[in-house]
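**Q** One structure follows; several queries about it will come next.
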Amino acid sequence: MNNKPLTEDRKKMLAMEFCGMRFTTPLVLLSGCVGFGEEYTRVKGFTNRDAGALCLKGTTLKARLGNPPHRVWETPMGMLNAIGLQNPGAHHVVDKILSQLDFDETRFIANVSGSTIEEYVEVTRLFDDSPIDAIEINISCPNVKEGGVQFGNDPDMSARVVEACRAATGKPLITKLSPNQTDIADNARRCIEAGSDAFAVINTLMGMAIDSEQRTPVIGNNQGGLSGPAIKPVALLMVHKVHQVCKAHDIPIIGQGGIASTEDALEFFIAGASAVGIGTALFYDPLICSKINAGIIDYLERHRMSEITQLTGTLALNENYPGNCI
Ligand SMILES: Cc1cc2nc3c(=O)[nH]c(=O)nc-3n(C[C@H](O)[C@H](O)[C@H](O)COP(=O)(O)O)c2cc1C
């Protein structure tokens, strides 16, 4: 990477539009990894301004205490989590937390969860009537007993949730797709028909860790969601597949799953992402966004591109190989 200073002019190359919102950079801080926007602000050098948007922690209608410990567990090149959607409830978030956020810093996206379609709709409606910039519906949470992933793994159910939330908000609606399903592209197609404006691809993959001495699962919830670099190859393929459906409709994707460097981020743009999410990587490097921003600018300059949108979906597949046989 070159050592040119990161001037305001060079930073402008990162600016982009996402569902009508202006992102100053294509990086998005991911839900569950940054609390309600305050999580890293005590870390010297960290600023939410290094990201184009920040997704708040998953929010349900009523407050939830979450799952018993262990809730997180480090695994090779990744981590398992089963937080269980701990949150103070939608009314508290809308009435008490949103007023504390500085909307000059970045765009704020709510992350909506529920056990029933009615709950998704009610939480969406509460956020619709708030200053929040956009709404992400999490139909892919693997860590709760009811709802979550059950909605996300069945295209019919996914479409019903999207359709119902669509009717409840005029704000940009992002559907967070589950990797724990047979045909993510078909699910995306159904969600577009139901009114989704954008996708987040992917949420965590279901996994387990076992204590061999006790012969018990390590995670209190028995199973958890795997994130971090271990899931990157799966996430890249899924972004590529969803992009094949989205490109005809001009529907953007926030690619995510294991991004921990500029190179990782670039691969996601090439696979079809318009923006990229940073989650688990923040746990070991809270200042990673400024480094990735600088790396993306450097790449664009070296490849004579003026903006990041020029990179989206530029993957050149090897010809004559369908790619589905091993
Ligand atoms: C501790 C933790 C909590 C999470 N909580 C949520 C959540 O509340 N809602 C949601 O949609 N995704 C949640 N996720 C998933 C992340 O937003 C992200 O989609 C996933 O971790 C993949 O990205 P990564 O590998 O960069 O972390 C959580 C992930 C982690 C690690």
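**Q** Under a plain spin-label model, where a point goes 7 Å from the Cα along Cα-to-Cβ, how far apart in nm are residue 4 and residue 96?
**A** 4.8
**Q** Moving on to the next point. How big, in percent, is the set of alpha carbon pairs in the chain lying more than 30 Å apart?
**A** 30
**Q** State the answer as a single residue: which of 59, 92, 41 lies farthest towards the positive end of the charge dipole of segment 1-154, with beta carbon charges of +1 for Lys and Arg and -1 for Asp and Glu, about the Cα centre.
**A** Positive-end residue among those listed: 41.
**Q** Another question about this same structure. When the Karplus curve 6.51 cos²θ - 1.76 cosθ + 1.60 is applied with θ = phi - 60°, which whole-Hz ³J(HN,Hα) does each residue of segment 36-41 get, with x for Gly and Pro?
**A** Running phi through 6.51 cos²θ - 1.76 cosθ + 1.60 with θ = phi - 60° gives 10, x, 9, 3, 9, 5 Hz.
**Q** Quick one, could you list the DSSP H helices from the chain stretching 15 Å or more along their long axis (Cα atoms) with average Kyte-Doolittle hydropathy of 0.0 or above?
**A** Once both thresholds are applied, what remains is 155-168, 232-246, 288-302.
**Q** While we're here: Rank 115, 274, 212 by mean-square fluctuation in a GNM of the chain with C-alpha springs under 10 angstrom and give only the top-ranked residue.
**A** Among 115, 274, 212, the largest mean-square fluctuation in the Gaussian network model of the chain belongs to 212.
**Q** On to the next question. Does segment 1-113 come out rounded, prolate or oblate, given a ≥ b ≥ c as the square roots of the eigenvalues of its C-alpha gyration tensor, rounded meaning a/c under 1.5 and, failing that, prolate meaning a/b above b/c?
**A** Oblate, since a/c reaches 1.5 and b/c is not below a/b.
**Q** Determine the share of segment 71-196's accessible area contributed by carbon and sulfur atoms, expressed in whole percent, with a 1.4 angstrom probe.
**A** 47
**Q** Which order do peptides 40-51, 73-84, 102-113, 310-321 fall in by mean Cβ count within 10 Å, highest first?
**A** 102-113, 73-84, 40-51, 310-321
**Q** Need the full-extension length gain, residue 154 to residue 248, defined as separation in residues times 0.36 nm minus the C-alpha distance. One decimal, nm.
**A** Working it through step by step, the gained length comes to 31.5 nm.
**Q** Turning to a different aspect of this structure: Could you give log10 I(q)/I(0) at q = 0.14, 0.16, 0.18, 0.20 Å⁻¹ for segment 230-326, computed by the Debye formula over C-alpha point scatterers of equal weight, without solvent?
**A** -0.54, -0.69, -0.85, -1.02
**Q** Evaluate the charge dipole of the chain about its Cα centre and quote only its size in Debye, nearest 20, assuming +1 on the Cβ of each Lys and Arg and -1 on the Cβ of each Asp and Glu.
**A** The calculated dipole for the chain is roughly 320 debye.
**Q** Leaving out ligands and nucleic acids, and using a 1.4 Å probe, what accessible area per residue does segment 198-255 come to in Å²?
**A** Details: 2640 Å² over 58 residues.
On a per-residue basis, 45 Å².
**Q** Starting from the amide H of residue 219, placed 1.01 Å from N in the peptide plane, find each other amide H under 5 Å away whose residue is 5 or more places distant or on another chain.
**A** Those qualifying (amide H under 5 Å, at least 5 residues apart or on another chain) are 209.
The values are calculated or read from the model by the stated rules, or taken from the named source; none is laboratory data. Just so it is clear, the structure is predicted and the values come from calculations on it, not from any experiment. Reconstructed Cβ throughout: ideal geometry from the backbone, glycine too, with neighbour counts over all protein chains shown. The protein model used for the area step is the full one, side chains on, heavy atoms only, and it has no ligands, DNA or RNA in it. Shrake-Rupley method; radii C 1.70, N 1.55, O 1.52, S 1.80 Å.
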